[in-house]
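Just below is one structure, and these are the notes that go with it.
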Amino acid sequence: MKFSGKIEDFPVMDIMQYIHTGKKTGTLCLENNSRQGWVHFQDGQVIRARRAGMTNIGDLLLEKNMINLNDLKAAVRIQQAQPKAKPLGMILEEMGAITHKALKEAVIRQIEEVIYELVTWEEGTFSFELESYELFDDISIAPDDLIPPEEIDTKFLLLEAMRIFEEEKNLSLIHISEPTRPLYISYA
């Protein structure tokens, strides 16, 4: 089963809530002008979110000073030497460059940032295709081997995304609706 439509008619938040409450498994594909995003669900739980141009996990870990440049370069060399690429984060963990807990937190943070951006899209198109659980990106392990679906609280994630969206929307309305004060010039 596949369904699709316009974001103007069905806001991203509503679509994601429908998928979550319906415990659907599949991929939500979103397009807004030249921007694209994907949210992967398993039994209604977000297990992965990505968008074109997002910061990859290696650069994110480096930016947050969670790993050093030498470890990142070594992990990339290992990844490129493998016939079937393993996720970079898992290589870094196996090298001892990062703990499992820190890696998991970084991946969850990355998912949250993508979701928070996608729910702000007010126009564009979406499609959702029900699909069986598959490995993504030709990686040798499933994404939920790192983060089981139950560890990402999808309901909380969606509520938090909505709260942030509403706050930003209200702030922009305040700035737009603020009356400008007349400038009084005193000629004394």
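The values are calculated or read from the model by the stated rules, or taken from the named source; none is laboratory data. Being a predicted model, the structure only gives us computed values, none of them experimental. SASA here: full protein model, heavy atoms, side chains in, ligands and nucleic acids out. Shrake-Rupley method; radii C 1.70, N 1.55, O 1.52, S 1.80 Å.
Pairs from the list LYS23/LYS101; LYS64/LYS104; LYS64/LYS101; LYS64/LYS86; LYS2/LYS24; LYS24/LYS86 with a Cα-Cα gap above 18 Å: LYS23/LYS101; LYS64/LYS86; LYS24/LYS86. With every protein chain in place and a 1.4 angstrom probe, the accessible-area ranking of SER34, SER127, SER4, largest first, reads SER34, SER4, SER127.
For segment 40-89, the normalised intensity computed at q = 0.15, 0.26, 0.28 Å⁻¹ comes to -0.54, -1.00, -1.03 (log10 of I(q)/I(0), Debye sum over alpha carbons, equal scatterers, no solvent).
For the residues ARG77, ARG51, a 1.4 Å probe over the protein chains yields an accessible-area ranking, largest first, of ARG77, ARG51. As a ratio to 2.2 N^0.38 Å, the alpha-carbon radius of gyration computed for segment 1-57 takes the value 1.13.
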